[in-house]
1. Quick test for you: out of Y515, Y490, pick the one residue that is of a type in the set (S, T, Y) and at pLDDT below 90.
2. Restricting attention to segment 351-371, which residues are within 25 Å of D320 (Cβ to Cβ) and either in contact with a Ser or Thr (Cβ under 6 Å, 6 or more places away or on another chain) or not small (G, A, S) (or both)?
3. Tally time: how many residues in segment 165-182 are out of contact with any helix residue (DSSP H, G or I) (no Cβ under 7 Å at 6 or more places or on another chain) and either under 15 Å from T347 (Cα atoms) or of a type in the set (G, A, S) (or both)?
4. Looking at segment 37-44, can you tell me whether even one residue there is among the basic types (K, R) and within 31 Å of the chain's Cα centre (by Cα)?
5. Can you tell me how many residues in segment 374-414 are more than 20 Å from the chain's Cα centre (by Cα) and either among the small types (G, A, S) or surrounded by 22 or more Cβ atoms within 10 Å (Cβ to Cβ) (or both)?
6. Would you check if A339 is crowded, with 20+ Cβ neighbours inside 10 Å and within 25 Å of the chain's Cα centre (by Cα)?
7. Within segment 332-360, can you find the residues that are modelled with pLDDT of 80 or more and part of a loop (DSSP other than H, G, I, E, B)?
8. Residues in segment 3-46 that are surrounded by 17 or more Cβ atoms within 10 Å (Cβ to Cβ), farther than 15 Å from T155 by Cα and in contact with a strand residue (DSSP E or B) (Cβ under 6 Å, 6 or more places away or on another chain): how many?
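The values are calculated or read from the model by the stated rules, or taken from the named source; none is laboratory data. Nothing here was measured: the structure is a model prediction, and the numbers come from that model. All Cβ positions, even for glycine, are placed from backbone atoms using ideal geometry, and neighbour counts span all protein chains on display.
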Amino acid sequence: MNGDDLRFGVLGPLTVHSGARGAMQLRSPKYRIVLAALLLAPGRTVPVAELAEAVWGTRPPADARRALQLHILRVRAAFAQSRLAPVIVSDPGGYRIDVDPGTVDTGSLARLLGEADAAAHRDDPDAEAAALRGALTLWRGEPLCDVPSDLLHRTYVPALDKQRLSILTRFHDLGLRLGRLDETAESALQYLGRYPLAEPLWRQLVTALHRAGRRADALQAYERARQRFADDLAVAPGPALRQLHASVLADRLVTADRAGPPGVPRQVPNAIAGFVARTAELRQLEALVGGGDRRPVAVTGTGGIGKTALAAYVARRAADTFPDGQLWIDLRGYDARPALPPAQALTILLGSLGVPGTLLPADLDGLTRRYRSVMAGRRALVVLDNARDAAQVRALLPGRSPSLVLVTSRRTLGDMTGGHVLRLGPFDRAAGRALLVERLGAARVERESAAADGIVELCEGLPLALAVAAARALAHPAVPLARLHRQLRYVDAPLDRFAGSDARADVRTVLSWSYLALRPRAAALLRRLGQQPGLIVRECFAADRAALDELVEAHLITERRAGAFGMHPLVHAYAAEQPGGRQHGLGGGERGRAAELAGRR
């Protein structure tokens, strides 16, 4: 790694600072965009197309690659002029900033959160609070506030903002636990200026004031919250805050488990509009969820295949089967954000079940025991969406309970003890057309039947790709489907057809989360496969069986028959884009042998 004593900041205005040479200024907004885009992915090659979109949005110059090269040269020149180490490296297909992630404030944030988790594990609340306080001081304002890039703001700022609020609520819960009432009240009041509709902050403010003997101030704080929710959202505060208000009115300190929010949790998101097909899988999954078998059920498949949509659809239909509620948590196993540790997931689940944070154990074993005790006798559905692997799931299983756990994951989760596994594959042509009919209406699809079939074919049976294409058609109802078909067909790269402003709706980004989770040998094998002309590869081509098994486990390839493995066309397109595929691939003679063994679907 390069960088000497450089430090970088994106949690506020963009900053570059050297302990020996001071701060470096980048006056051009476009230069700040380029540097920020690289700093948000330290050590990772950022493709030219992604950088160009960050700088110019949807209207790049005619020769965007050349214009971007000039911007990179000028940023490098700014580093040289400030006598700072060169840190921007050119890679095949893009650029990379070669610095230790810990020199960027987002890396420092991850380190401090790791220290907080370690302190919580050893039951050291003072050290945990100190680490969280340090994490909060890293924010110097709105992230990227002087970086005028719509793409970077859409992709990163909401997640960073959500993370900041999560750290705040955890810090305040610790303050209440440690009796730091005035400090907690002052901090909650300060941050409510930034998050005026964050109900957890209002609860912590009211609790801190009440416990400090400031009952009148606590009642006044609740009235301010009530008025704010009424003015901005036309709703009343939630049940937890209303119950807290009742406790303050009765001058009753809230310290028992019963202080949690009353009522039955109903957390399943709305079923995705236009849910179609999956008749056989739907019948099988509903039989598992609605039957008496309470072993966990896993819905698996590659990214964008529709696992979450199917789980939400089934969970909502099965609501009456689980009278004690439905819990839903995104484990962020494949996401731009770090995966949710089991201890944090248990804290969220227990909070949803009414257990206050102040009464939670500090270690994973204690949280697991508490969770299983609370779940004992409950008949609830727990949906663990987007699980990384079985290890992330095990602590979240409720043990002996009439409740059921439904998991979605890109991995097969075959080692999830005693569970059922339902694997989702691509849509066939009829199912793809049915999705377009559901989203766009039968009349429009029938009117341009050939174009609709062409769009379905280009989407290669991937529901996410179909959803992206349908969303574009829906956004432009006057544009003929034939024109959309031409736009999708005549692009330089297949994955460019399905790019979206939302990372979760961008097929390339969604597939990248699977690729980045691979171990190096499996990632290298995927890159090799991306350079081969066929979509089927024989086992003898891939000598590393362990790497091959990992790709199967991650649903990046499938074993279609003994010794023959298939790859979805869009996964193949993604693998072909990855830098280093040819360098890590085969020699000319070996490639010829691989091409001979490979064949089309």
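1. Criteria check complete, one pass: Y490.
2. L353, Y371
3. Final tally of qualifying residues: 2.
4. Our first condition is that a residue be among the basic types (K, R); within segment 37-44, this holds for 44.
Still in the list and also within 31 Å of the chain's Cα centre (by Cα): 44.
Yes - at least one qualifying residue is present in segment 37-44.
5. 14
6. No, not satisfied.
7. Listed by number, the residues that qualify are R332, G333, Y334, D335, A336, R337, P338, A339, L340, P341, L353.
8. Going through segment 3-46 one residue at a time, the tally reaches 11.
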